[in-house]
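Chemist: Dumping the structure here so I can ask a few things about it.
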Ligand SMILES: [Mg+2]
Ligand SMILES: [Mg+2]
């Protein structure tokens, strides 16, 4: 698909706000929720809690805890009656997206959700280029699986995004209109 | 719907294992995932992280964090192409389920998901009675909303569960076959 005409200028306007991709997605999800377009949330960071203090007359304080590896992608929810599941990744690379940005269990989770009929994808941002793409999980899985081949690549070339992925434009409301790109998958 | 003939005996067998409802659901979800029946996960407990230590040569330790109020229900995922969303609650009451077991934002979340075409419900266990029910979100919302009426009740009577909800049986695999009850909603 063609990039919208204002793609780059929007990106420049956006860049000035200095948000992370996660913040941009959360803001967009708030817009979608408030306008009854979709219900999509980021899952909390999984933490293993070891020690909690319960001070008198104030809130419980977690005093020892560890980050756990998530067993799924970060975002899921419902849009137009369909189950939506995705993860967001940023890279500073300018010519390729290294596959080790994804974890095995995230790819397996997408594989499982696809089998159940879910709409699964990655939202991948080339931060240096200021370009954001929606990459279908089936394409991601294709690249993931070929890593095991004799001459398998450990990354997805930028050219593949330009050919196969759907560019996501920056706007004002929502910040990133990624459900417009999802509409092209449904 | 009628209770299965072995309902009570199963419950007794089950009771001996001493799991919480959350553990029972997690175990059932693992079964459903392994058998490619559904992909449903509990969301991590939301925690606001304030202070993290990064010791040399070992894992990061969270030294100060606080429990945050969840903005959604605890469980969601996909089953037979449908978006599934629910919360689980236990009560020791024997004649009624107090509505204050749910939080306003959880009920609002279910309302939003229903509007998008999701399958939403509560899994509610009367632990003293050893009875587990699936209550449709639309029924839950009906009771939630009538709390504001002049003679509004602050609880749902057990009789209403016996009449409107779907009993969920304990089994071996999965521990609780709650998707059998979901089949009656689809
Ligand atoms: Mg992520
Ligand atoms: Mg809960």
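Chemist: Since residue A:108 meets every condition but one in (1) in contact with a strand residue (DSSP E or B) (Cβ under 9 Å, 6 or more places away or on another chain); (2) within 14 Å of another protein chain (Cβ to nearest Cβ), which condition does it not meet?
Modeler: (1)
The rows are residues; the columns are (1) within 16 Å of ligand 1 (Cβ to nearest atom); (2) within 22 Å of residue B:46 (Cα to Cα); (3) in contact with a strand residue (DSSP E or B) (Cβ under 6 Å, 6 or more places away or on another chain); (4) at pLDDT 95 or above.
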residue	(1), (2), (3), (4)
A:36	no, no, no, yes
A:43	yes, yes, no, yes
A:75	yes, yes, yes, yes
A:92	yes, no, no, yes
A:95	no, no, no, yes
A:100	yes, no, no, yes
A:113	yes, no, yes, yes
A:116	no, no, yes, yes
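Chemist: Identify all residues within the stretch B:90-106 that are closer than 15 Å to residue B:135 by Cβ and surrounded by fewer than 19 Cβ atoms within 10 Å (Cβ to Cβ); write none if there are none.
Modeler: Scanning the stretch B:90-106 gives B:90, B:91, B:93, B:96, B:98, B:99, B:101.
Chemist: Which condition number in (1) more than 13 Å from every other protein chain (Cβ to nearest Cβ); (2) surrounded by 15 or more Cβ atoms within 10 Å (Cβ to Cβ) is the one that residue A:149 fails?
Modeler: So residue A:149 meets the others, but not (2).
Chemist: Before we move on, is residue B:156 buried (at least 22 other Cβ atoms within 10 Å of the Cβ), in contact with a helix residue (DSSP H, G or I) (Cβ under 7 Å, 6 or more places away or on another chain) and over 28 Å from residue B:34 (Cβ atoms)?
Modeler: Yes, satisfied.
Chemist: Taking the condition at pLDDT 95 or above, within 25 Å of residue B:41 (Cβ to Cβ) and in contact with a helix residue (DSSP H, G or I) (Cβ under 8 Å, 6 or more places away or on another chain), does residue A:49 pass?
Modeler: Considered against the rule, which asks whether it is at pLDDT 95 or above, within 25 Å of residue B:41 (Cβ to Cβ) and in contact with a helix residue (DSSP H, G or I) (Cβ under 8 Å, 6 or more places away or on another chain), residue A:49 comes out as no.
Chemist: If I ask for residues that are more than 8 Å from chain A (Cβ to nearest Cβ) and more than 13 Å from the chain's Cα centre (by Cα), which ones from the stretch B:73-95 would you list?
Modeler: The answer is B:92, B:93, B:94, B:95.
Chemist: Which pairs turn up if I take residues in the stretch B:17-38 that are over 19 Å from residue B:87 (Cβ atoms) and look for partners that are part of a helix (DSSP H, G or I) with beta carbon separation below 7 Å, at least 6 apart in sequence or on another chain?
Modeler: Every condition considered, the pairs that remain are B:33/A:112; B:36/A:115; B:37/B:179.
Chemist: Also, I was wondering about something else. Cβ-Cβ under 7 Å, sequence separation 6+ or interchain: first residue in the stretch B:112-123 and facing chain A (nearest Cβ under 7 Å), partner part of a loop (DSSP other than H, G, I, E, B) and modelled with pLDDT of 95 or more. Which pairs?
Modeler: Qualifying pairs under 7 Å: B:115/A:36; B:116/A:81; B:117/A:81.
Chemist: Looking at (1) modelled with pLDDT of 95 or more; (2) more than 13 Å from the chain's Cα centre (by Cα), find the lone condition where residue A:107 falls short.
Modeler: With respect to (1) modelled with pLDDT of 95 or more; (2) more than 13 Å from the chain's Cα centre (by Cα), residue A:107 is out only on (2).
Chemist: A further question follows. Out of the residues in the stretch B:62-72 that are under 28 Å from residue B:32 (Cα atoms) and within 7 Å of chain A (Cβ to nearest Cβ), state the one that is surrounded by the most Cβ atoms within 10 Å (Cβ to Cβ).
Modeler: B:72
Chemist: Let me ask something additional. Can you list the strands (runs of 3 or more DSSP E) found entirely within the stretch B:12-127 that contain at least 2 residues being under 30 Å from residue B:172 (Cβ atoms)?
Modeler: B:38-42, B:75-79, B:82-91, B:119-126
The values are calculated or read from the model by the stated rules, or taken from the named source; none is laboratory data. Since the model is a prediction, treat every value here as computed from it, not as a measurement. Because the Cβ atoms are built from the backbone with ideal geometry, glycine has one as well, and the counts that use them run over all protein chains shown.
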